[in-house]
1. Report the residue count in region 180-204 for those that are outside any loop (DSSP other than H, G, I, E, B) and open to solvent by less than 30 Å² (accessible area, probe 1.4 Å).
2. Take the residues in region 123-166 that are outside any helix (DSSP H, G or I) and without any contact (Cβ under 8 Å) to a residue 12 or more places away in the chain; name whichever of them is surrounded by the most Cβ atoms within 10 Å (Cβ to Cβ).
3. Looking at (1) modelled with pLDDT under 95; (2) surrounded by fewer than 13 Cβ atoms within 10 Å (Cβ to Cβ), which is the one condition that is false for residue 177?
4. Go through region 5-46 and give me each residue that's surrounded by fewer than 19 Cβ atoms within 10 Å (Cβ to Cβ) and of a type in the set (Ser, Thr, Tyr).
Amino acid sequence: MEPETTPHTTEADLLVLHALRCAGFSGTTRLAEATGLSEDEVESELIDLALSGLVTRTGGTFGGWGLSEAGRAEGATRIAAELGTTGTRPLVERAHEGFIELNPELLDLCTAWQLRLVDGVPTANDHTDAGHDARVLDLFSDLDQRLTTVCADLSARLVRFGRYRGRLSGALTRARAGALDQVADGTTSYHAVWAQLHEDLLATLGIPRY
């Protein structure tokens, strides 16, 4: 079979299964954000996956969905098959290499967001220094543009990777509008989405996290 050369859209059930692999235990809202599906569509896929023994649900106030061992294995098998069918492994490998080069900078910027120097002493950033925050956000924006370049070819071929572009830029837009938690706190923050992209690249290539 010849590799695909056009953009490939991952099947909805695999999107949900893989999102759980990358984001971990999640509710439908978070999975909808990750996949681009509606919450109703996500819930429908989760029910079917649960009936197949691939996901499990925990009830209660802090309940949500998680992968079973069978689901983790099934997702890995199908993602590997997708790479083979589309011929995109080299693109994922190149994107991963570029991402790894940028990752230390992301960690440094998160530290700069959470701490600032006061009389030469690192101090918890209380966000009263607007100039400091603006400079850090400008550096985040520069990093974000370079990440876009690193992932451009991959996003053009595997549509699911293109979702990260909007989620990351959206987090920075919300942060500039005053939602300061959107930089490094919470499940929709820049740091959280960056971490999911990291996990996605690793999981897609079958590389253990540690």
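1. 16
2. In the first step, residues of region 123-166 are kept if they are outside any helix (DSSP H, G or I); the result is 123-129, 158.
Now drop any that are not without any contact (Cβ under 8 Å) to a residue 12 or more places away in the chain, which leaves 123-124, 126, 128.
Details: 123: 11, 124: 9, 126: 8, 128: 8.
Here the residue is 123.
3. Only one criterion in (1) modelled with pLDDT under 95; (2) surrounded by fewer than 13 Cβ atoms within 10 Å (Cβ to Cβ) is unmet by residue 177, namely (1).
4. 5, 6, 9, 29, 38, 44
The values are calculated or read from the model by the stated rules, or taken from the named source; none is laboratory data. Treat the numbers as computed from the prediction; the structure is a model and nothing was measured. All Cβ positions, glycine included, derive from the backbone under ideal geometry; neighbour counts span all protein chains shown. These accessible areas exclude ligands, DNA and RNA; they are computed on the full protein's heavy atoms, side chains included. Shrake-Rupley method; radii C 1.70, N 1.55, O 1.52, S 1.80 Å.
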